[in-house]
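Comments concern the structure below.
Throughout, read-outs are computed from the coordinates displayed, never taken from laboratory work. Quick caveat: nothing in here was measured; it's all calculated off a predicted structure. Note that we place each Cβ from the backbone using ideal geometry, even for glycine, and neighbour counts take in every protein chain shown.
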Amino acid sequence: MNVNDIMNGLEAKHPGEKEYLQAVQEVLESIEDIYNQNPQYEAAKIIERLVEPDRILTFRVSWLDDSGNVNVNIGHRVQFNNAIGPYKGGIRLHPSVNVSILKFLGFEQIFKNALTTLPMGGGKGGSDFNPKGKSDAEIMRFCQAFMLELWRMIGPNTDVPAGDIGTGGREIGFMYGMYKKLQMENTGVLTGKGLNWGGSLIRPEATGFGATYFADEMLKTKNDSFKGKVVTVSGFGNVAWGVALKVTELGGKVVTISGPDGYIYDEDGLDEEKIDYLLELRASNNDIVSPYVEEFPEAKFIAGKKPWEVKCDIAMPSAIQNELNGEDAEMLVKNGVECIVEVSNMGCTPEAIECFHKNQLPFAPGKAANAGGVAVSGLEMSQNATKLNWTNEEVDAKLLQIMSSIHVACEKYGTQEDGYIDYVKGANIAGFIKVADTMLDLGVI
């Protein structure tokens, strides 16, 4: 395999799909050596088959707003690879959604899902619909129209969508209601469901909890822990909320959250009352964090900036792709950061990752660190299939075990001769080997 040749070919076929191309290049660079040491992969053209989705569904979504006006959005579902299980990945509702972003997310999902050890393939979906400022009735009509187009292509053993940015319990409820009506059965086809109708405990917190468990495993390799650590976090949704809850429980102090308008610096750290307020802030539909200082005036709001200029021990980007760039990374290094955990999908640019590696800093990629969300989705699927509900403690224990096993896999394949653990390489190789070997077993299909 020659990475440059493959990337040149992909760029020619898919011009302008920068997020997708970035994700593919990162994986190919990590697995190049292991791939070339195994000629059976080349003979079966595993890479050429793996980097292209099985299929991409694109459809029109027409819906009526509260004024009776017709609105038209575009919906997509990228079914990327189902070698080890049904396609699995969230539905993102955000104006930025396009095919490139969904292909990047779906491609990452293949390896993330493989790392969980659960039988799930990779997929992703979404729409350029913006739920901000919409009434519940408008969101319901959109979700029903979206599912009306998608329902024939999904199922508990085929493709199991979940929530993502813009898609929470409310949206999943509306989508599942329409699916159930059309299919005329109750089934575990969507995850992130309400607790009354098939959902799993700790699912909203799972991504943040899992990332914090993974970070704790990273710290243990240095005989360290979260106790007394200052942690900077971006975002203020469910992911940041879950991180803040678990970091605080483990003895750390979260001092920042952020939004499109800037970031909050709370030197005293987020306590139970402040963490609870994050849910209220998120539910306001304003998508801004500045109201935090009205509620807690001892904190500071810094407009138009990102939290990576704040001195910290651990940085946990938890908002969106490419939110932490090379300059941000240099600032973190200058301020003495000890560990970086990518909680958002591809939250750091290649320049930022290069900076962390150059400085021999532990850096966890999102496909490993944020796998807790899809892991608990997989556990929700298991509960639905067996018609059982597990306790909070049971789900949390399974999540901890899964995140610990992911860390073991990353350590196995990512430890270098000098002892430095390249978590990017470790995660990519571990996920790739599982998927590639399965594809060999299944033949060329």
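When peptides 122-130, 157-165 are ranked by their average number of other Cβ atoms within 10 Å per residue, the highest-first order is 122-130, 157-165. With the charge dipole of segment 5-157 set up from +1 on Lys and Arg Cβ and -1 on Asp and Glu Cβ about the Cα centre, the Cα lying farthest toward the positive end among the listed residues Ile6, Tyr20, Pro39 is that of Tyr20. Near Lys45: Cβ cut-off under 14 Å, other residues only, Lys/Arg at +1 and Asp/Glu at -1. The net charge is -3. The alpha-carbon atoms of segment 17-94, seen along their principal axes, cover 62, 24, 16 angstrom, with the largest extent given first.
Dividing the mean sequence gap of close Cα pairs (under 8 Å, 6+ apart) by how many residues segment 206-361 holds gives a relative contact order of 22 percent.
Computed packing ranks the peptides 39-50, 169-180 as 169-180, 39-50, most packed first, by mean other Cβ atoms within 10 Å.
Taking K and R as +1 and D and E as -1, what net charge do the other residues with C-beta under 11 Å from the C-beta of Arg141 add up to?
Around Arg141, the surrounding residues sum to -3.
In percent, rounded to a whole number, the relative contact order of the chain is 15, using alpha-carbon pairs under 8 Å and six or more apart. Working value for segment 3-185: equivalent-ellipsoid semi-axes of 33, 18, 12 Å, each the square root of 5 times a Cα gyration tensor eigenvalue, largest first.
A cut-off of 5 Å between modelled amide H atoms, ignoring neighbours fewer than 5 places along the same chain, links Gly85 with Gly121. Here is the tail figure for segment 206-361: Cα pairs spaced more than 18 Å apart come to 53 percent of all pairs.
In terms of its C-alpha gyration tensor, segment 230-287 comes out prolate, because a/c is 1.5 or above and the ratio a/b outweighs b/c.
Beta bridges assigned by DSSP with both partners in the chain are antiparallel in approximately 60 percent of cases. Quick check: the distance between the Cα centres of segment 384-414 and segment 251-295, to the nearest angstrom? Taking the Cα centre of segment 251-295 as reference, the centre of segment 384-414 is 29 Å away.
Need the full-extension length gain, Ser96 to Glu32, defined as separation in residues times 0.36 nm minus the C-alpha distance. One decimal, nm.
Values: separation 64, 0.36 × 64 = 23.04 nm, distance 3.17 nm.
That pair, Ser96 and Glu32, stretches by 19.9 nm at full extension.
Take 70-79, 53-62 and order them by the average number of nearby Cβ atoms within 10 Å per residue, most first; the result is 70-79, 53-62.
Might you report the magnitude of the Cβ-based charge dipole of the chain about its Cα centre, with Lys and Arg at +1 and Asp and Glu at -1, to the nearest 20 debye?
It comes to approximately 1320 debye.
The spread of Cα positions in segment 299-445, taken along each principal axis and listed from longest to shortest, comes to 49, 41, 30 Å. Look at the dipole of the chain built from charges on Cβ: of Met147, Gly133, Ser284, the Cα furthest out on the positive end belongs to Met147. Computed about its Cα centre, the charge dipole of segment 206-361 is approximately 440 debye, with only Lys, Arg, Asp and Glu carrying charge at their Cβ.
Phi angles across segment 196-204 convert, under the Karplus curve 6.51 cos²θ - 1.76 cosθ + 1.60 with θ = phi - 60°, into 3J(HN,Hα) values of 6, 9, x, x, 10, 4, 6, 4, x Hz, Gly and Pro given as x. Could you compute the net charge surrounding Asp159? Neighbours are other residues with a C-beta less than 13 Å from the C-beta of Asp159; K and R count +1, D and E count -1. Surrounding charge for Asp159 is +4. Near the amide H of Asp164, within less than 5 Å, lie the amide hydrogens of Ile91, all on another chain or at least 5 residues away, with H placed in the peptide plane. When the charge dipole of the chain is built from unit charges on Cβ atoms (+1 for Lys and Arg, -1 for Asp and Glu) and taken about the Cα centre, the candidate among Asn98, Asn322, Ser258 whose Cα reaches farthest toward its positive end is Asn98. With all projection directions averaged, the alpha carbon convex hull of segment 125-266 covers 10.7 nm².
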